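What follows is one structure encoded as structure tokens, with my remarks underneath.
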Amino acid sequence: MSAARYIGKKDGLTAVGPRLRDLRRRRGLTLAALAEQTGINESTLSRLEGGSRKPTLEMLLPLAEVYAVPLDELVGAPRTGDPRIHLKPVVRDGMTYVPLSRPGGVQAHKLLIPPRPGTEPQLSTHEGFEWVYVLAGRLRLLLGEERVILKPGEAAEFNTHVPHWLGPDDDRTVELLILFGTQGERAHLKARTT
């Protein structure tokens with residue numbers, strides 16, 4: 001095996017730890033919660049993310065299942081040349097997320113939020129920056145002390161360190177496109193001048 005080929009494999013393995021840490025943080029999981037879901041102890045997970053423990057298939061399979069991503073994405077396997085993104089919806093907290101991009105950098109999702117009668121909005125904060133575009137329905141966006149209603153064709157962007165909540169403004173499901181940057185990355189969109 002050539003040295004260049006060996007270095008490539010070694011570099012691929014060292015990138016697994018940061019990729020795992022990024023996935024866990026984006027999903028708002030603690031190491032303890034992840035350990036409970038995967039059966040891998042917290043110390044091992046921490047060493048995996050830090051790069052001091054080499055990943056094994058026995059460790060990566062339950063992680064891929066919890067994160068709902070193909071094993072190839074966890075290990076950074078080269079793409080096969082097919083540019084299509086295989087949409088695998090994930091339901092979390094009653095909302096359906098449909099990934100429209102591969103992990104890394106700014107993430108794009110289609111999000112369906114059904115009405116939840118009797119449920120009080122729970123504002124949350126997390127790392128990142130979000131941009132939302134309403135496709136269908138009416139979106140109620142609570143952003144700190146502000147309440148904003150967005151109709152189809154309207155968009156908003158905000159820093160996710162500000163307490164926020166998204167949901168339908170009426171009894172219909174709201175359908176959104178969301179761009180999410182993990183480290184405060186903003187979506188770079190060119191504004192049309194009028």
Residue satisfying condition, being outside any strand (DSSP E or B), modelled with pLDDT under 90, open to solvent by 60 Å² or more (accessible area, probe 1.4 Å) and within 30 Å of Thr56 (Cβ to Cβ), within set Thr119, Thr80: Thr80
Please count how many residues of the range 103-116 are loosely packed, with under 15 Cβ neighbours inside 10 Å and at pLDDT below 85. 2
Sort out which residues of the range 138-174 are over 19 Å from Thr119 (Cβ atoms), of a type outside the set (S, T, N, Q) and open to solvent by 50 Å² or more (accessible area, probe 1.4 Å), and write them in order of number. Glu145, Glu146, Lys151, Pro152, Glu154, Ala155, Glu157, His161, Val162
Determine which single condition Trp131 fails, assuming it passes every other condition in (1) over 15 Å from the mean Cα position of the chain (by Cα); (2) open to solvent by 30 Å² or more (accessible area, probe 1.4 Å). (1)
Counting only residues that are open to solvent by 50 Å² or more (accessible area, probe 1.4 Å), modelled with pLDDT of 50 or more and not polar (S, T, N, Q), the range 176-194 contains a total of 1
If you take the residues of the range 13-40 that are touching a residue at least 40 places away in the same chain (Cβ under 8 Å) and among the aliphatic types (A, V, I, L, M), which of them is most open to solvent (accessible area, probe 1.4 Å)? Leu13
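The values are calculated or read from the model by the stated rules, or taken from the named source; none is laboratory data. As the structure is a computational prediction, the values presented were derived from the model and not from experiment. Virtual Cβ from ideal backbone geometry, glycine too; neighbours counted across all protein chains shown. The area values use the complete protein model at the heavy-atom level, side chains included, leaving out ligands, DNA and RNA. Shrake-Rupley method; radii C 1.70, N 1.55, O 1.52, S 1.80 Å.
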